[in-house]
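A.B. asks: Starting off with a structure, shown below.
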Amino acid sequence: MSQSELEHSETIPKICMVSPATHAGDISTRYFMPQKPHGSLAVSGGGCLAAACTLEGTVAYKQLGDVARLKVAEGRYQVAIENPAGVLDIELLMGVIISIA
């Protein structure tokens with residue numbers, strides 16, 4: 001991707017910084033788009049971050065401190081992600097993929 005394309009892109013790259021929660025959430029984040037910080041958190045980015053919170057060894061997992069913080073019930077994980085606009089609540093349903101068509 002050229003510098004010019006990057007300067008006008010609204011889609012890539014997108015990165016986020018994570019840290020331990022400072023209020024009532026499970027983890028805190030600041031999400032960035034190519035030109036500026038995002039005012040809140042894209043739902044797609046929140047879903048990816050929530051999934052990373054459940055994977056031992058990831059930066060998100062380490063910032064979370066303990067997956068036991070996630071409210072786990074029947075393979076469902078609830079992750080509260082603090083961001084500049086408030087808290088994004090994500091619920092993940094963990095399961096086994098039988099096949100992909």
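Readers should treat all values here as calculations from the given coordinates under stated rules, not as data from a laboratory. Everything quoted here is computed from the prediction, not taken from an experiment. Note that each Cβ is placed from the backbone with ideal geometry, even for glycine, and that neighbours are counted across all protein chains shown.
A.B. asks: How many nm is it between the label spots at SER4 and ARG76, if each spot is 7 Å from the Cα in line with the beta carbon?
C.D. replies: 5.1
A.B. asks: So, counting K/R as plus one and D/E as minus one, what does the shell of residues with Cβ under 12 Å around GLY45 add up to?
C.D. replies: Values: positive: LYS14, ARG30; negative: none.
Computed value for this residue: +2.
A.B. asks: While we're on this one: By count of other Cβ within 10 Å, fewest leading, how are TYR31, TYR77 ordered?
C.D. replies: Working: TYR31 22, TYR77 19.
The order, fewest Cβ neighbours first, is TYR77, TYR31.
A.B. asks: Here's something else I'd like to know. Test of understanding: ordering VAL67, VAL79, VAL59 by Cβ neighbours within 10 Å, fewest first, what list do you get? It would help to have the intermediate numbers written out before the result.
C.D. replies: Working: VAL67 15, VAL79 26, VAL59 12.
Lowest count first: VAL59, VAL67, VAL79.
A.B. asks: Once you have the Cα-Cα distance between ASP89 and MET17, take 0.36 nm times their residue separation minus that, and quote the gain in nm to one decimal.
C.D. replies: Working: separation 72, 0.36 × 72 = 25.92 nm, distance 1.77 nm.
Using 0.36 nm per residue and subtracting the Cα-Cα distance, I get 24.2 nm.
A.B. asks: Around SER19, what is the net charge, scoring Lys/Arg as +1 and Asp/Glu as -1 over all other residues with Cβ under 12 Å from its Cβ? Could the numbers behind the result be given before it?
C.D. replies: Values: positive: ARG30, LYS62; negative: ASP26, GLU82.
Once positives and negatives cancel, what remains is 0.
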